[in-house]
Amino acid sequence: MGSLVVRVLALWILVAAFAFAGRVFAAEAPLRIVATSTDLKSLVEGVGGDQVSVEIVAPPAGEPRAVELTASQILRLKGAAMIVRVGLDHEPWFAKMRLTAPVVDVSRGIELLHNTPRYLLHPENARPITATILRELSKLRPSATPAFEANRKQYLDGR
């Protein structure tokens, strides 16, 4: 009787260990996103939260327009799950790239006074830009859509 209890207990421990291990290994790695500016990096992180890992192409104080891509930057772009760009021909080097990742031009759908990337500076434009980012991230990871929506709401409410 005692050995039966030990075996049943051992079996339950083994089942529990496999169940826990399955959950640990089932956790998805963050989506690798590349943004072309620090402003966009902040917006993507605001929506994506811990579901994303965001790198930028331009240095923090640099202009995306002036970037001369290095081999490592090209590899980052090619290895990204999604690329988020300023648009409006602000990244002239972008036209030469052959990328397989989805490219999100956040200037689309924004009412522009002038054809200038300064639209990123207007605080109200964070709403349509983060809506675009939310939509595109949700295409890549539909299961995280509720988290993206909550992150976006918190990001916009905290601004």
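Just a few scattered comments:
- A single member of Glu136, Glu91 is over 15 Å from Asp39 (Cα atoms) and not basic (Lys, Arg), and it is Glu136.
- Subset of segment 131-142 [in contact (Cβ under 8 Å) with a residue 24 or more places away in the chain and over 11 Å from the mean Cα position of the chain (by Cα)]: Thr132, Lys139
- The condition of being surrounded by fewer than 16 Cβ atoms within 10 Å (Cβ to Cβ) and among the small types (Gly, Ala, Ser) holds for only one of Ala95, Ala147, Ala126, Ala101, that being Ala95.
- Of residues in segment 129-143 being touching a strand residue (DSSP E or B) at 6+ places or on another chain (Cβ under 8 Å) and within 16 Å of Tyr155 (Cα to Cα), the one surrounded by the fewest Cβ atoms within 10 Å (Cβ to Cβ): Thr132
Coordinate-derived values only; no laboratory data. Only a predicted model underlies this, so the values are computations on that prediction, with no experimental measurement involved. With ideal geometry, Cβ positions are generated from the backbone for all residues, glycine too; neighbour counts draw on all protein chains shown.
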